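The values are calculated or read from the model by the stated rules, or taken from the named source; none is laboratory data. Bear in mind that the values here come from a model prediction, so they are computed numbers and not experimental data. Here the Cβ positions follow ideal geometry from the backbone for every residue, glycine too, while neighbour counts run over all protein chains shown. Heads up: the accessible areas ignore ligands, DNA and RNA and are worked out on the full protein's heavy atoms, side chains in. Shrake-Rupley method; radii C 1.70, N 1.55, O 1.52, S 1.80 Å.
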Amino acid sequence: MMDIAWYLVLSAFIFCIGVAGVLTRRSPLVILICLELMLNAGNLALVAFSKMTGNGDGQIFALIVMIVAAAEVVVGLGVIVAMFRNRLPMDVDQMDELHG
Amino acid sequence: MESVVFFVAALLAIGGALGVVIQRNPFYSVLSLVVHLIALAVLFLLLSAEFIAAAQVIVYAGAVMVLYVFVVAYVGGLEDPLIEPSPVLRVVAPLFAVALGVELSFAILGSGLKGIDGKGAHVAAGFGSPARIGELFLTKFLISFEVVSLLLLIAAVAAVVLARRSKSPEPDRRLAADRPS
């Protein structure tokens, strides 16, 4: 059986891949997908800690994170569809009207 | 045996995550994410979280990814690749990610948590079963359960409002006028 540390390091790597994606990509769709990667890395760490302590609370946290991620996806995709309908450029660098 | 499963699933998870970032076509990114999510479900099974693994496959790899595929198909996934144009950021961003990864690994391995080098607590057979999760949700975490269901309702209504086709033509024309050609 694997040590808990392996799972935590794996989750750190996945999180960093997600960070790299958010920093390098410009399409809002791909940025949303990379956010999913980061949330999933957090879920893996939560479940690993739940196993470490032998307590079910971490799994409840992971489930709630999944629900929040689903809500985020629904709203994010709604925004993307609205951007597409209004023929705004699909590029986060050009969506800077709120840029003080 | 279990370590073999772990390493195969971990490699698939990292490969899927890299595929998400590297693929230029958003459609292939979504497919890589499905591979990544299923590998993570295997890892959840190894951590004796059976219900979460099942929810991951059904809700995430099933429903949420179908939503993504629909939007990619609607918006047009075959547009030109949108990679960071400035060469400085293109070099610095992966370096930052690698540095963050090394730093997080050191922080985890040097944290001195007692259970981190162990294989986790010995858990009973029904540790991650739906019965146990449901019991926790309806007793200890009742308020978060209710709040999260309200959040889902709000998100569903918000998505309908956001994606609705506007009746009046004014907003579209104003946006078109504001946009520099």
### Query
Of B:160, B:123, B:72, which is the most mobile in a GNM of chain B whose springs link Cα atoms less than 10 angstrom apart?
B:160
#### Entry: Within chain B, helix-based [θ] at 222 nm, where runs of 4 or more DSSP H residues each add -39,500 (n - 2.57), nearest 500
-22000 deg cm²/dmol
## Note on the structure
For the stretch A:21-71 the translational diffusion coefficient, Stokes-Einstein from a Kirkwood Rh over Cα pairs at 25 °C and viscosity 0.890 mPa s, in µm²/s, is roughly 209 µm²/s
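What order do B:140, B:114, A:51, B:119 take when sorted by accessible area (1.4 Å probe), most exposed first?
Values: B:140 120, B:114 195, A:51 15, B:119 100 Å².
Sorted descending by solvent-accessible area, the residues read B:114, B:140, B:119, A:51.
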### Query
To the nearest Å, what is the center-to-center distance of the stretch B:89-129 and the stretch A:1-59, using C-alpha atoms only?
9 Å
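Ignoring ligands, DNA and RNA, how do B:135, A:36 rank by accessible area with a 1.4 Å probe, largest first?
Working: B:135 110, A:36 0 Å².
Largest accessible area first, the residues go B:135, A:36.
At 222 nm, what helix-only mean residue ellipticity would chain A give, in deg cm²/dmol to the nearest 500, using -39500 (n - 2.57) for each DSSP H run of four or more? Before the final figure, lay out each step's value.
Numbers: 3 runs with 76 residues, N = 100.
The helix contribution divided over chain A gives -27000 deg cm²/dmol.
Averaged per residue, what accessible area in Å² does chain A show with a 1.4 Å probe, protein chains only?
Details: 3630 Å² over 100 residues.
I get 36 Å² per residue for this part.
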## Note on the structure
Ratio for chain B, C-alpha Rg to 2.2 N^0.38 Å, reads 1.37
### Task
For the stretch B:120-150, state which residues have at least 10 Å² less accessible area in the presence of all protein chains than in their chain by itself, taking the probe as 1.4 Å and leaving out ligands, DNA and RNA.
B:120, B:121, B:123, B:127, B:132, B:133, B:136, B:137, B:140, B:141, B:144, B:148
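Report the accessible surface area buried between chains A and B, summing both sides, using a 1.4 Å probe on protein heavy atoms only, in Å² rounded to the nearest 100. Please report the intermediate quantities before stating the final value.
Numbers: alone 7360 and 14570 Å², together 14510 Å².
Buried: approximately 7400 Å² between B and A.
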#### Entry: q = 0.19, 0.22, 0.24 Å⁻¹, the stretch B:1-79: log10 I(q)/I(0) [Debye, one scatterer per Cα]
-0.79, -0.95, -1.05
### Summary
Neighbours of residue A:48 by Cβ distance under 14 Å: Lys/Arg at +1, Asp/Glu at -1, summed charge -1
### Task
Evaluate the distance, in nm, between pseudo-label points positioned 7 Å from the Cα of residue B:147 and of residue A:6 along their respective Cα→Cβ axes.
3.6 nm
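If r is the Cβ-Cβ distance from residue B:58 to residue B:8 and R0 is 22 Å, what FRET efficiency results, to the nearest 0.05? If you can, show how the numbers build up before the last one.
Working: r = 22 Å, r/R0 = 1.00.
Once the sixth-power term is evaluated, E becomes 0.50.
Please compute the per residue accessible area over the stretch B:1-152 with all protein chains in place, 1.4 Å probe, rounded to a whole number of Å². Intermediate values should be presented prior to the final figure.
Values: 8350 Å² over 152 residues.
Spelled out: the 1.4 Å probe surface of the stretch B:1-152, per residue, equals 55 Å².
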### Task
Please list the equivalent ellipsoid semi-axes of the protein assembly as shown, computed as the square roots of five times the alpha-carbon gyration tensor eigenvalues, in descending order and whole angstrom.
36, 24, 15
### Task
Report, largest value first, the span of the C-alpha coordinates of chain A along each principal axis, in whole Å.
52, 25, 24
### Task
Find out how many positive minus negative residues lie around residue B:153, taking Lys and Arg as positive, Asp and Glu as negative, among other residues whose Cβ is under 15 Å from that of residue B:153.
-2
### Message
About the Cα centre, and with charges only on the beta carbon of Lys, Arg (+1) and Asp, Glu (-1), how big is the dipole of the stretch A:4-88? Nearest 20 debye, please.
### Response
360 debye
### Query
Mind listing the phi-derived Karplus ³J(HN,Hα) values for the stretch A:55-70, rounded to whole Hz, using 6.51, -1.76 and 1.60 with θ = phi - 60°, and x for any glycine or proline?
10, x, 4, x, 5, 5, 4, 4, 5, 5, 4, 4, 5, 5, 5, 5
### Task
Please find, in a Gaussian network model of chain A (springs between Cα atoms separated by less than 10 Å), the residue of A:79, A:65, A:19 whose mean-square fluctuation is greatest.
A:79
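Could you work out how much longer the chain between residue B:103 and residue B:160 gets when fully extended? Use 0.36 nm per residue separation minus the Cα distance between them, nm to one decimal.
Values: separation 57, 0.36 × 57 = 20.52 nm, distance 4.15 nm.
Taking 0.36 nm per residue and subtracting the Cα distance, the gain is 16.4 nm.
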### Task
Provide the gained length on full extension for the span residue B:138 to residue B:70, in nm with one decimal, where the gain is 0.36 nm per separating residue minus the Cα-Cα distance.
21.0 nm
### Carbon and sulfur %, accessible surface of the protein assembly as shown computed with the full protein complex present, 1.4 Å
73 percent
### Query
Assigning unit charges at the beta carbon (Lys, Arg +1; Asp, Glu -1) and nothing else, what dipole magnitude in debye, to the nearest 20, does chain B show about its Cα centre?
340 debye
### Query
For chain A, modelled as a Gaussian network with Cα springs under 10 Å, which listed residue fluctuates most, A:43, A:55, A:86?
A:86
